[in-house]
1. How much space per residue, in cubic angstrom, does the convex hull of the C-alpha atoms of the stretch 278-397 take up?
2. Using Cβ contacts closer than 10 Å as the measure, can you line up Trp68, Trp45 from fewest to most?
3. Quick check on the exposure proxy: order Leu177, Leu101, Leu290 from fewest to most C-beta atoms within 10 angstrom.
4. Placing +1 at every Lys and Arg Cβ and -1 at every Asp and Glu Cβ, with all other atoms neutral, what dipole size does the chain have around its Cα centre, in debye to the nearest 20?
5. Determine the dipole magnitude for the stretch 278-397: charges of +1 sit on the beta-carbon of Lys and Arg, -1 on that of Asp and Glu, nothing else is charged, the reference point is the Cα centre, and the result goes in debye to the nearest 20.
6. Per DSSP H run of n ≥ 4, the term is -39500 (n - 2.57); total these for the chain, divide by its residue number, and report the mean residue ellipticity at 222 nm rounded to 500 deg cm²/dmol.
7. Pick from Phe377, Phe207, Phe44 the residue whose mean-square fluctuation is largest in a GNM of the chain, springs joining Cα atoms under 10 Å.
8. What does DSSP give for the chain in terms of the percent of beta bridges that are antiparallel, rounded to the nearest 5?
Amino acid sequence: MTEVRYLARSLDPSINVLFVHGLGGHLVSTWNRNGSESENDDSFWPRWLTEEKDIKAAVFLVGYPSRWRIREMARGMLETLIADSQLASNDKPIVFVCHSLGGLIVKKLILEANDDVIENPDRNQEQRKFLDRIRGVVFLATPHSGSEIATMADWIPGLSSDAKHDLEQDNPVLVDLSKCYRDYIADRNRAYIADKDKQKPIQHKIFYEKRRVGLVISVVDPDSADPNIIDEDAPIPIDEDHRNICKPDSHDIDVYKIIKMFLKKIIWSPFQGAAPTAWLTIKGITGFGLMKDAYVCVTATVNDVEYIYPSLSGVKWLQVGPEMAPQTFQIPVRDFYRIRFSAKLRDPVSDSTDLASVEEQHVTGKTDGVAVYCLRFVHWEARDASPVVEIHYTISQGSP
């Protein structure tokens, strides 16, 4: 059966955050860096959210028997959550934070609630109210198209063959679940665009692991971690393995900062008048050695979209130096930005030289002051490997 543990809440919460663990997980230890089942440990980060004054979150921990079929687990969880008096004590948005299998169960839970409403809208008013309140889902290494872990399932105590079958790579159950969920989200979003009195959209934040467990097993690969939901941000890579991606050990870790910003976005989105805006500003460029007076053309790539500097009519090159004119580009508002720069340099030695870097910088929401990105010559064997150009830039939200 499903267990719901009420952690804490403000007297007047702005949002309800429901944590759903993964395969063989625990409603407390899954979220605790040291693996403890104590809610009072400093590393138990769901409690951190209850202390964020600008969020005012009611936090719930959800546990379930991970040996059943996905539909059975989802059905039981749906009925338990609808009947939970603490969750029903306010009408604020609900956001699920899901690790691994938990994300599949939550997707199925949402579809089950929608099926109930379609089948008998008069009888299933509680399902309709619950569904209306769901405004966000965070997927932490969820295997949307299956996982290698299914091949190891026989080694995990208490995991039945039914659960193992549902998790196999490209299992028809998962293929159908993914398609139905994508269709539901697309239909809900289209309905809201056409009529703002309809259900508000469900937003998503998606993370995937970069490390292997024990340097051997990649439990959820990047392709499987991507639910391919239209108009959602690309999945965010996290330098953790499958077990620890859901256990940030400080408030400064990307997972925590991005989820916190995601919650704020959902809290405030109903009250925003004008559409929010974000800006990339290239403040200037510093050249070193022979590059101090060179002419440059820069390409900034932000979440796979390119912006050219300078982008002025009839101007291809700008001279490096303190007199360079900054340029600002409007970019989509995102909680997380992946940034890379490259450049062509017209220097005194050669007509045009390519500059680049293997570095990809990550920015959560906005830069803290002016950020610096270093470029080097592409042909390392012919040049010194030290930086020859520094690009100074900011990402801001609101007014540029």
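Values in this text are rule-based calculations from the coordinates and carry no lab data. Everything numeric here is computed off the predicted structure, so don't read it as measured data. All Cβ positions, glycine included, derive from the backbone under ideal geometry; neighbour counts span all protein chains shown.
1. Values: hull volume 12.3 nm³, N = 120.
Cα convex hull per residue, to the nearest whole number: 103 Å³.
2. Working: Trp68 17, Trp45 23.
Listing Trp68, Trp45 from fewest to most nearby Cβ atoms yields Trp68, Trp45.
3. Working: Leu177 23, Leu101 26, Leu290 12.
Ranking Leu177, Leu101, Leu290 by Cβ neighbours within 10 Å, fewest first, gives Leu290, Leu177, Leu101.
4. Numbers: 47 positive and 58 negative charges, 170 e Å.
The dipole magnitude comes to about 820 debye.
5. Values: 11 positive and 14 negative charges, 45 e Å.
It comes to approximately 220 debye.
6. Working: 8 runs with 97 residues, N = 400.
Helix contribution divided over all residues of the chain: -7500 deg cm²/dmol.
7. Looking only at Phe377, Phe207, Phe44, the biggest GNM fluctuation is shown by Phe377.
8. Working: 50 of 75 bridges.
Given both bridge residues lie in the chain, the antiparallel proportion sits at roughly 65 percent.
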